[in-house]
Every structure is written in structure tokens, then in C-alpha cells.
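Every number in this text was worked out from the coordinates using simple rules, so none of it is lab data. All figures in this text were calculated on a predicted structure; none of them were measured in a lab. Backbone-built Cβ (ideal geometry, glycine too); neighbour counts: all protein chains shown.
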């Protein structure tokens, strides 16, 4: 249960980071149109916000993938322990 709560909390925080970056991007885009005198500065900050949003999303995806791999490895270890298959006996693999 604690692992589930930690996973949900992590997912929510990464989603909040992505949403915050997207909000910042939208704000800077609006400011660039509203304040033509400093439009170049706002466009640069818009680009920074876009990169931050992309990085946050990529990090969330990466962590989700790692969590999924760890879960699969734990299930495989549990199946191996239940089947009584020792270290010396290999699973059937077609290639390798």
C-alpha cells in the first residue's frame, strides 16, 4: 500500500511540474504578444519553458518505465522461486 501511495504521489508531482511548465509557457507567449517592446525576452523564456516541460515529461516517462521494469523483474523472480527452477536451469528462449 505504501508503495502505491508513493507511486501515485510521484506521478502527481511530475504531472504538476509539467502543468506548471506549460502554464509558464502560455504566460510567456501571452506576454510576448502583449509587450512588443520586450517580445524577444519573452520568446526566449517561452523556449526555456518549453524545454522544461519536455524535460519534465521525459523524466516522468523514464521513471515510469524504470518502475515497470522493476515490477516485471520482481514478478519473474517470484515465478522462478515458485516453479522450483534453479540457477542452472535456463528458461526456454528462441534466440540466445
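For the ranges 48-59, 67-78, what's the packing order if you count other beta-carbon atoms within 10 Å of each residue, average per peptide, and put the highest first? If you can, show how the numbers build up before the last one.
On the way: 48-59: 15.2, 67-78: 10.6.
Going by the mean number of other Cβ atoms within 10 Å, highest first, we get 48-59, 67-78.
Grab the Cα-Cα distance for residue 38 and residue 64, subtract it from 0.36 nm times how many residues apart they are, and report the gain in nm with one decimal.
Details: separation 26, 0.36 × 26 = 9.36 nm, distance 3.92 nm.
In short, 5.4 nm is gained.
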